[in-house]
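Enquirer: Sending over a structure as structure tokens; questions will come in a sec.
The values are calculated or read from the model by the stated rules, or taken from the named source; none is laboratory data. These figures come from a predicted structure and were not determined experimentally. Quick reminder, even Gly has a Cβ in these numbers, built from the backbone with ideal geometry, and neighbours come from all protein chains shown. Heavy atoms of the whole protein, side chains included, go into the accessibility calculation; ligands, DNA and RNA do not. Shrake-Rupley method; radii C 1.70, N 1.55, O 1.52, S 1.80 Å.
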Amino acid sequence: MKFRIVAVGKIKEAYLRDAIAEYVKRISRFATVEIVEVDEFLIKGTPNDKEIDRVKYVEGQAILNKLDGYVVAMDIDGREMSSTELSAHIVQEKQFFSTFTFVIGGSNGLSDAVKSKANLRCSFGKITLPHQLFRVVLMEQLYRACCIEHNVAYHK
């Protein structure tokens, strides 16, 4: 099984890179992990809706070229799932897919085109997290999902 993380932007802070690397190492017992970063486009000044839509479109076009297997768009308006539900969902879909692509948008979110290509739109709740920190949270949840599937004590 392979987890592919397609994310907008680069991780700038060393402590976040270290945390991601730690979870990649932990997950490697169960699956391979590939992280694909696409360019982030920033808006200077106060953005208007037209500029935000343009940025989401450009970032979305780059994301669309990276999708593979079962696609999960991480979206605040998506389906909220517990850790055990996420694990069970991955186990169920492993019957049909060997690659799971999780998509994390930039600070403006994901384009409608990316959301429409997703097999699942998933939310970890209504809180807002910086998209760089969210990458760490996603990695932790993928590790937890693997532990649940394989009855490893970490989940408790």
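Enquirer: Show the residue pairs that are 6+ apart or on different chains and have beta-carbon atoms under 7 Å apart, the first residue being within the range 1-17 and under 17 Å from residue 98 (Cβ atoms) and in contact (Cβ under 8 Å) with a residue 24 or more places away in the chain, the second being polar (S, T, N, Q) and part of a strand (DSSP E or B).
Expert: Hits for this filter: 2/32; 2/99; 4/99; 4/101; 6/101.
For (1) open to solvent by 60 Å² or more (accessible area, probe 1.4 Å); (2) at pLDDT below 95, each residue gets a yes or a no:
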{"site": "32", "(1), (2)": "yes, no"}
{"site": "43", "(1), (2)": "no, yes"}
{"site": "59", "(1), (2)": "no, no"}
{"site": "63", "(1), (2)": "no, no"}
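Enquirer: Looking for whichever is without any contact (Cβ under 8 Å) to a residue 24 or more places away in the chain, among the aliphatic types (A, V, I, L, M) and not in a loop (DSSP other than H, G, I, E, B) here; the options are 58, 36. Which one fits?
Expert: On the way: 36 fails: without any contact (Cβ under 8 Å) to a residue 24 or more places away in the chain.
Selected residue: 58, the only one of 58, 36 that is without any contact (Cβ under 8 Å) to a residue 24 or more places away in the chain, among the aliphatic types (A, V, I, L, M) and not in a loop (DSSP other than H, G, I, E, B).
Enquirer: Could you pull out the residue among 71, 33, 8, 55 that is of a type in the set (A, V, I, L, M, F, W, C) and farther than 23 Å from residue 108 by Cα?
Expert: Numbers: 71 fails: farther than 23 Å from residue 108 by Cα; 8 fails: farther than 23 Å from residue 108 by Cα; 55 fails: farther than 23 Å from residue 108 by Cα.
33 is the lone residue from the list that is of a type in the set (A, V, I, L, M, F, W, C) and farther than 23 Å from residue 108 by Cα.
Enquirer: Of all residues in the range 64-87 being in contact (Cβ under 8 Å) with a residue 60 or more places away in the chain and small (Gly, Ala, Ser), which is farthest from residue 145 (Cα to Cα)? Walk me through it before giving the result.
Expert: Residues of the range 64-87 in contact (Cβ under 8 Å) with a residue 60 or more places away in the chain: 66-69, 74, 83-84, 87.
Checking the rest, the ones that are also small (Gly, Ala, Ser) come to 69, 83, 87.
Working: 69: 18, 83: 6, 87: 4 Å.
Here the answer is 69.
Enquirer: Condition (residue is in contact with an Asp or Glu (Cβ under 6 Å, 6 or more places away or on another chain) and modelled with pLDDT of 95 or more) applied to the range 78-91: is it met by at least one residue?
Expert: yes
Enquirer: Is there any pair with a first residue in the range 95-116 that is over 19 Å from residue 142 (Cβ atoms) and modelled with pLDDT of 95 or more and a second that is β-branched (Val, Ile, Thr) and not in a strand (DSSP E or B) whose Cβ atoms are under 8 Å apart and which are 6 or more apart or on different chains, and what are they?
Expert: Matching pairs, first to second residue: 111/63; 114/63.
Enquirer: Related question: Could you check, for the range 125-146, whether at least one of its residues is farther than 22 Å from residue 17 by Cα and of a type in the set (Asp, Glu)?
Expert: No.
Enquirer: In this structure, is residue 103 under 11 Å from the mean Cα position of the chain (by Cα) and assigned to a strand (DSSP E or B)?
Expert: Yes, satisfied.
Enquirer: Further question: I need the full set of residues from the range 129-156 which are open to solvent by 10 Å² or more (accessible area, probe 1.4 Å) and touching a residue at least 60 places away in the same chain (Cβ under 8 Å), in order please. Lay out the reasoning, then the answer.
Expert: Just the residues of the range 129-156 that are open to solvent by 10 Å² or more (accessible area, probe 1.4 Å), to begin with: 129-134, 136-137, 140-141, 143-144, 148-156.
Scanning the range 129-156 gives 131, 132, 133, 134, 136, 140, 143, 144, 148, 149, 150, 155.
Enquirer: Can you tell me which of (1) within 21 Å of residue 148 (Cα to Cα); (2) open to solvent by 40 Å² or more (accessible area, probe 1.4 Å); (3) in a loop (DSSP other than H, G, I, E, B) is the one residue 92 doesn't meet?
Expert: Tallying (1) within 21 Å of residue 148 (Cα to Cα); (2) open to solvent by 40 Å² or more (accessible area, probe 1.4 Å); (3) in a loop (DSSP other than H, G, I, E, B), residue 92 fails exactly one: (3).
Enquirer: Let me ask you something else. Return yes when residue 126 is touching a strand residue (DSSP E or B) at 6+ places or on another chain (Cβ under 8 Å), surrounded by 15 or more Cβ atoms within 10 Å (Cβ to Cβ) and in contact (Cβ under 8 Å) with a residue 24 or more places away in the chain and no when it is not.
Expert: no
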